[in-house]
Amino acid sequence: VQLQASGGGLVQPGGSLRLSCVASGTAIYFNTMTWYRQAPGKQRELVATIFSDGTTTYADSVKGRFIGSRGNARNTVYLQMNMLRPEDTAVYYCNAVHPITRNEYWGQGTLVTVSS
């Protein structure tokens, strides 16, 4: 199983970015996929959990600014990030948990830098 995250980059405060994550190499359907982030010198934190119907739960720090969704392609999720702040600067990772074995799979991360 491979998770590929993409879409990071440099953006000014107040700007937007859209992250994508695709899980491949498996016939398993991941009912839940999760975005995490890790800022320099900080622990990894949960950002958003996206369920099979597109319902998304969010960390308080991103509520009202970030929107999670599922793509039409199998095991694809997105994270639309709006009104970005410097404190959103981090490497963003996607995560999926095998529904039977509970093994965790991680993408390689995509760097988001919010700076003027």
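The values are calculated or read from the model by the stated rules, or taken from the named source; none is laboratory data. Note that the structure is predicted; figures quoted are calculated from it, not measured. Every residue, glycine as well, gets a Cβ built from its backbone with ideal geometry; the counts of neighbours run over all protein chains shown. Areas reflect the complete protein model, heavy atoms only, side chains present, ligands, DNA and RNA absent. Shrake-Rupley method; radii C 1.70, N 1.55, O 1.52, S 1.80 Å.
Annotations
- Proximal charge balance of C94 [Cβ under 15 Å; K/R count +1, D/E count -1]: +3
- Of the trypsin sites (Lys or Arg not before Pro) in segment 20-96, the ones in a loop by DSSP (not H, G, I, E or B) with at most 12 other beta carbons within 10 Å are K42, K63.
- Normalised contact order of segment 21-116, rounded percent, pairs of Cα under 8 Å and 6 or more residues apart: 28
- Of N95, N103, N31, the residue with the greatest mean-square motion in the GNM of the chain, using alpha carbon springs below 10 Å, is N103.
- Evaluating 6.51 cos²θ - 1.76 cosθ + 1.60 at θ = phi - 60° for every residue in segment 37-43, the Karplus couplings come out as 9, 9, 8, x, x, 10, 7 Hz, glycine and proline recorded as x.
- Accessible-area order (highest first, 1.4 angstrom probe) of the listed residues I67, I28: I67, I28
- Approximating the spin labels as points 7 Å out from Cα along Cα→Cβ, the N72-to-S20 distance works out to 1.3 nm.
- Residues in segment 98-104 carry Karplus couplings, in order, of 4, x, 10, 7, 6, 5, 9 Hz; the curve used is 6.51 cos²θ - 1.76 cosθ + 1.60 with θ = phi - 60°, and Gly or Pro positions show x.
- When both segment 1-32 and segment 80-116 are represented by their alpha-carbon centers, they are found 7 Å apart.
- Cβ charges +1 (Lys, Arg) and -1 (Asp, Glu), total dipole of the chain, debye: 60
- The chain - percent of accessible surface contributed by carbon and sulfur, probe 1.4 Å: 49
- For the chain, accessible area per residue (1.4 Å probe, heavy atoms of protein chains only), Å²: 52
- Highest-fluctuation residue, S20, S61, S52 considered, GNM on the chain with Cα pairs under 10 Å: S61
- Under the combined filter of DSSP loop state and at most 15 neighbouring Cβ atoms within 10 Å, segment 1-108 retains these chymotrypsin sites (Phe, Trp or Tyr not before Pro): Y29, F51.
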